[in-house]
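Step one of this worksheet: look at the structure below.
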Amino acid sequence: MQAANLPQRLTEALGPDTVLTQPDDIAPWLADWRGIYRGQAQAVVRPRTVDEVSRCLALCQQAAVPVVPRGGNTGLCGAATPDGQPLNVVLSLDRMHAIRSLDTIANTMVAEAGCILGNLRRAAADANRLLPLSLAAEDSCQIGGNLATNAGGVNVVRYGMARELVLGVEAVLPNGEVFHGLRTLRKDNTGYDLKQLLIGSEGTLGVITAAALRLFPRTDTRSVVLAAVESPQQALELYALLFEQCGARLQAFEFFTGACLDLVLTHAEGVQEPFAQRYPAYVLVELADTAEEDALNALLERVIGEALERGLCHDAAVSTSLAQLQALWKLREEISEAQRADGPHLKHDVSLPIEQIPAFMVSMQARLHTLDPAIRPFIFGHFGDGNLHYNLSRPAGAPKDWAATHEDAVTGTVLDEVMRYGGSISAEHGIGQLKRHAFLQYKDPLELRLMREIKRAFDPAGIMNPGKLL
Ligand SMILES: Cc1cc2nc3c(=O)[nH]c(=O)nc-3n(C[C@H](O)[C@H](O)[C@H](O)COP(=O)(O)OP(=O)(O)OC[C@H]3O[C@@H](n4cnc5c(N)ncnc54)[C@H](O)[C@@H]3O)c2cc1C
C-alpha cells in the first residue's frame, strides 16, 4: 500500500467520522501545549474501540507510515507532537473514555486510555476511594498519556509515580496485535513485566488502550504546614524527622527558595506574606489521613514543635482551616506562573538522590557564579521525591533572548552537575523531542543499547512516534 493512499484506506476501514484529513480539522492536533513544537500529518484518527486502534495501526504499518499517539497534549517535552514529515498519522485516544469497571473489594479501576485523569479521580472519590495520581494538568491529561509518560505529581512521596499505581495494561502493538495485559492481580511473578516497558515509553512501543489501576482509601483529612528553613540541609533533616514520625501520612514535601516566594508575591494575585520576616527557603508539608482532623493536626503540631526546638526550622504556619490550607498551597502552586510572568527562563526538571540535594545545591551555586553571578535561580520542587525544578532566569537587564542564547552553556552545566551527583536529567516530564539530545548524551551506552533492542522487538518497522526518546 502507498503511504499517500492511507487516509482513504483508513476512512474505508474506520468510517469518515473517525478519520480527519482536512487541513483545518487537523490543525489543532499539530502543535504542543506550550506552543514550542509544530509538525505535520496527513490524517488524525480518533478510534472508539480497541479493534479500531488495531486496524488503524495495522494499516499504518503496511504503509510504513509513522504514528504519533496523542493523549491530552499536556506533555511538556513535545512528545505528542508529530515531526515535520507530512505523511504522519496522529492517533488520538480522546474517544476511548469508558471506565470499564471499579471494584471496591479488589480496590481496582479499569479505565480506557482516553479517560481524563480528573474524571477518574472523581469517580474513585464517588466510590469512597482515592486514585492518588494528581497533577495540575489533571483536568486535561489522559490516563493513557499519564502512563506513557510515567507521570509523577504531588503525591509521589507517598504513593509513587504512575507506574507504581498500575496493575495491568492493554495495548495495541504497531502490527495491530493486542497485548492483553489488563490483569488486576497484585501478585504475578511470571517472567518479564512487559506492561512496565509500555509505561514511560512515550508512545514509542505501542498504543496503550486501557489500564487497571490501584485504588486506596480516601484520605479526606488534610493538614498543611509551611516551615521556614535556613538551607536545603535543614529541609533534608526536617524531611527525615517527618518521615520517621508521620510515616505513610506524609503526602507531600515541597521546597522553594525565598527568591521563589518573592516572585509569587510580586506576580500572583490573592497571595499573602506567610511570616513577619523573609527566610532563605521554605518547605510545604502535607499530611493526609482517614483519621479525625484534630488527631492529624495534633500530630503535625507536635512534630513541627519538635523541629522548632531542635532548630530544624525557624518558623512555621500550620493550617487551621481549608481556606488557610489552600492559601499555603497557593504560594507553591503559583511559582511556575510567576516565573512565566517574569520572562523567558531555562527550565530543568531534574532529580537527585535526596541526601545529595544540599551538596548539589552548594556546588551548583558555585558553578553558576563562574558562568554569570547575575543569573537568577528559582529553585523549587518535590523535594521529598528528590525532584528539583532548577529554573534559571536571565540577569536583570539582560536581553529577552538571554535564555535562547545561553541555553547550551547553562543547561550543559546544570546537567553535568546533576549527573556528577548521580541524578537524572528528567525527573518526571520525560524526554520527547526536548531532551532527546541530552538523553542520548548522558544515558549509559549499555542502557541505550538495551532500549534500542526493546524498541526493535516491539516496533521492528519503526513506525511508533519517530524522533522521540530514542
Ligand atoms: C500545568 C501542567 C502541570 C503538569 N504537572 C506535572 C506533574 O506534576 N508531574 C508530571 O509528571 N507531569 C506534569 N505535567 C506534564 C503532563 O501533564 C504529563 O506528562 C501527562 O502525563 C501527559 O498526559 P497527556 O494525556 O497530556 O499526554 P500527551 O501530552 O498527549 O502525550 C504525552 C506522551 O504520551 C504519549 N501517549 C499519550 N497517550 C498515549 C497512549 N494512550 N498510548 C501510548 N502513548 C501515549 C504521546 O505520544 C506522548 O509521547 C504537567 C503539565 C502541565 C501542562
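On the protein heavy atoms, probe 1.4 angstrom, tell me the percent of accessible surface of the chain carried by carbon and sulfur. Carbon and sulfur: 51 percent of the exposed surface of the chain. Taking 0.36 nm per residue of separation and subtracting the current Cα-Cα distance, fully stretching the chain between residue 8 and residue 323 would add 107.8 nm. Per residue, the chain exposes 43 Å² of accessible surface when a 1.4 Å probe is rolled over the protein heavy atoms with every protein chain present. Subtracting the Cα-Cα distance of residue 372 and residue 220 from 0.36 nm times their residue separation leaves 50.1 nm of extension gain. If R0 equals 41 Å, the separation of the Cβ atoms of residue 456 and residue 106 corresponds to a calculated FRET efficiency of about 0.70. For region 344-429, the C-alpha radius of gyration sits at 1.03 times the compact-globule guess of 2.2 N^0.38 Å, with N the residue count. Taking residue 455 as the anchor, which lysines have their alpha carbon closer than 25 Å to its alpha carbon, excluding any fewer than eight residues away along the same chain? Counting by Cα, and skipping residues close in sequence, residue 455 has these lysines nearby: 195, 435, 443, 468.
Residues whose amide H comes within less than 5 Å of that of residue 252, counting only those at least five positions distant or on another chain, are 286 (H built at 1.01 Å from N in the peptide plane).
Evaluate the charge dipole of region 3-94 about its Cα centre and quote only its size in Debye, nearest 20, assuming +1 on the Cβ of each Lys and Arg and -1 on the Cβ of each Asp and Glu. With only Lys, Arg, Asp and Glu charged at Cβ, the dipole is about 160 debye.
Taking a quarter of the surface of the Cα convex hull of the chain gives a mean projected area of 23.0 nm².
Relative contact order of region 93-199: 18 percent, from C-alpha pairs under 8 Å at least 6 residues apart in sequence. Summing +1 for each Lys or Arg and -1 for each Asp or Glu among the other residues whose beta-carbon sits under 10 angstrom from that of residue 113 gives -3. With a simple spin-label model that places each label point 7 Å from the Cα along the Cα-to-Cβ direction, the separation between residue 416 and residue 365 comes to 2.1 nm. Distance between the pseudo-spin-label points of residue 62 and residue 269 (7 Å out from Cα toward the beta carbon): 5.6 nm. If you take every DSSP beta bridge fully contained in region 3-94, what fraction is antiparallel? Give it as a percent rounded to 5. Antiparallel bridges make up about 30 percent of those DSSP assigns within region 3-94. With contacts taken as Cα pairs under 8 Å at a separation of at least 6 residues, the chain carries a relative contact order of 15 percent. What range in the chain is the longest one free of GluC sites (Glu not before Pro) that are in a loop by DSSP and have at most 14 other Cβ atoms within 10 angstrom? My reading of the result: 293-470 is the longest stretch.
The values are calculated or read from the model by the stated rules, or taken from the named source; none is laboratory data. Bear in mind the structure is a predicted one, so any value in this text is a computation, not a measurement. No Cβ is skipped: glycine too gets one built from the backbone with ideal geometry, and neighbour counts run over all protein chains shown. Please note that ligands, DNA and RNA were not included when accessible areas were found on the heavy atoms of the full protein model with its side chains. Shrake-Rupley method; radii C 1.70, N 1.55, O 1.52, S 1.80 Å.
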